[in-house]
Amino acid sequence: MIVLKSEREIKSMHEAGKILAACHREIANLIRPGVSSWDIEVFVDEFLRKHDAKPEQKGYKGYEYATCASINDEICHGFPRKTPLKDGDIVTIDMVVNYNGALADSAWSYAVGEVTRQTEKLLAVTKESLYRGIEQAKAGNRIGDIGYAIQSYVESEGFSVVRDFIGHGIGASIHEKPDVPHYGLPNRGTRLKEGMVFTIEPMVNVGVYQSKRDNNGWTARTADGKYSAQYEHTIAITKEGTIILTDQ
Ligand code: MF3
Ligand code: CO
């Protein structure tokens with residue numbers, strides 16, 4: 001069942017999203033070789049506390065951190081750690097902010113220092129694929145239109161779209177209906193309407209789309225060890241159009 005949100009609820013989620021966006025803008029300035037994903041974790045924890053917000057991922061299904069920090073071949077749900085980031089790495093910082101009970105979810109990939117041309121292209125294509133998906137996320141369209149726009153673009157650039165993790169409705173808890181795959185066919189699936197709030201969060205791989213899971217039960221990485229990137233926004237379908245609640 002898809003729980004539709006009122007204008008007031010969407011406004012509250014937008015407040016959470018603005019804090020999240022501000023946090024990502026700060027992270028962009030912090031990331032450089034020598035800084036660790038643990039440093040970012042500590043920064044996020046403090047930033048949210050200062051803004052009277054809470055890290056919703058901490059404690060969610062036993063997850064222990066405010067952020068997911070996925071480095072290089074890690075697709076998602078990487079644990080923050082003290083190893084310094086180095087030139088050529090990419091790190092995806094994903095978090096869910098709770099502000100007065102309203103949630104917003106956004107992930108962003110960051111280049112560390114000098115990265116290869118291929119990595120630069122991976123980041124650019126993944127980000128562009130998110131915005132192509134968002135463009136299709138409007139009342140009257142269907143869920144499949146979003147996945148199709150993302151997949152067809154990503155594959156035309158020679159990369160692949162992760163299947164094992166998808167976007168999701170968000171509201172009272174992090175994961176609600178609808179499911180939002182980043183692959184699929186146009187004119188298929190649930191029709192979009194006002195009041196729907198969900199994430200679009202394509203994970204794009206340089207090589208194969210398949211993933212494997214680490215022994216920690218959480219971290220997913222590419223089956224072939226090649227790099228993976230991700231950009232995620234929470235969006236709301238409203239009568240004024242589609243709003244990106246986590247826009248930076
Ligand atoms: N933010 C993630 C998403 O985009 C959810 C992470 S679940 C956690 O779906 F437990 F790892 F926090
Ligand atoms: Co997320």
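What follows is calculated from the coordinates using simple rules that are stated; it is not laboratory data. Keep in mind that what you see is a predicted model, and the values were worked out from it rather than measured. Note that we place each Cβ from the backbone using ideal geometry, even for glycine, and neighbour counts take in every protein chain shown.
The number of residues in region 48-61 that are away from ligand 2 (no atom under 12 Å from the Cβ), farther than 16 Å from Ala220 by Cβ and either free of Cβ contacts under 8 Å to residues at least 12 places away in the same chain or assigned to a loop (DSSP other than H, G, I, E, B) (or both) comes to 7.
The set of residues in region 79-102 being in contact (Cβ under 8 Å) with a residue 60 or more places away in the chain, crowded, with 21+ Cβ neighbours inside 10 Å and away from ligand 2 (no atom under 12 Å from the Cβ) consists of Ile90, Val91, Tyr99, Ala102. Within the set Pro186, Pro178, the sole residue that is under 21 Å from Val3 (Cα atoms) and either within 16 Å of ligand 1 (Cβ to nearest atom) or not in a strand (DSSP E or B) (or both) turns out to be Pro178.
This table checks each residue for (1) within 20 Å of Phe165 (Cα to Cα); (2) touching a helix residue (DSSP H, G or I) at 6+ places or on another chain (Cβ under 8 Å); (3) small (Gly, Ala, Ser).
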residue: Ala16; (1), (2), (3): no, no, yes
residue: Lys50; (1), (2), (3): no, no, no
residue: Asp87; (1), (2), (3): no, no, no
residue: Met95; (1), (2), (3): yes, yes, no
residue: Gly101; (1), (2), (3): no, yes, yes
residue: Ser106; (1), (2), (3): yes, yes, yes
residue: Ser109; (1), (2), (3): yes, yes, yes
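For Tyr65, the criteria (1) in contact with a Pro (Cβ under 7 Å, 6 or more places away or on another chain); (2) farther than 21 Å from Ala22 by Cα; (3) within 16 Å of ligand 2 (Cβ to nearest atom) hold in every case but one, which is (2). Would you point out which residue out of Val112, Val42 is closer than 24 Å to Ser228 by Cβ and either surrounded by 21 or more Cβ atoms within 10 Å (Cβ to Cβ) or more than 15 Å from ligand 1 (Cβ to nearest atom) (or both)? Val112 is the lone residue from the list that is closer than 24 Å to Ser228 by Cβ and either surrounded by 21 or more Cβ atoms within 10 Å (Cβ to Cβ) or more than 15 Å from ligand 1 (Cβ to nearest atom) (or both). Tell me, please, whether a residue that is in contact with a Cys (Cβ under 7 Å, 6 or more places away or on another chain) and either of a type outside the set (Asp, Glu) or surrounded by fewer than 18 Cβ atoms within 10 Å (Cβ to Cβ) (or both) can be found in region 148-167. Checking region 148-167: at least one residue is in contact with a Cys (Cβ under 7 Å, 6 or more places away or on another chain) and either of a type outside the set (Asp, Glu) or surrounded by fewer than 18 Cβ atoms within 10 Å (Cβ to Cβ) (or both).
For region 223-244, the candidate set comprises residues that are polar (S, T, N, Q) and within 28 Å of Tyr209 (Cβ to Cβ); within that set, the residue that is surrounded by the fewest Cβ atoms within 10 Å (Cβ to Cβ) is Thr242.
Kindly evaluate Ile71 against the criterion of being among the hydrophobic types (A, V, I, L, M, F, W, C) and more than 16 Å from ligand 1 (Cβ to nearest atom). So Ile71 fails the test. Residues in region 124-144 that are over 15 Å from the mean Cα position of the chain (by Cα) and of a type in the set (Asp, Glu): Glu135 only.
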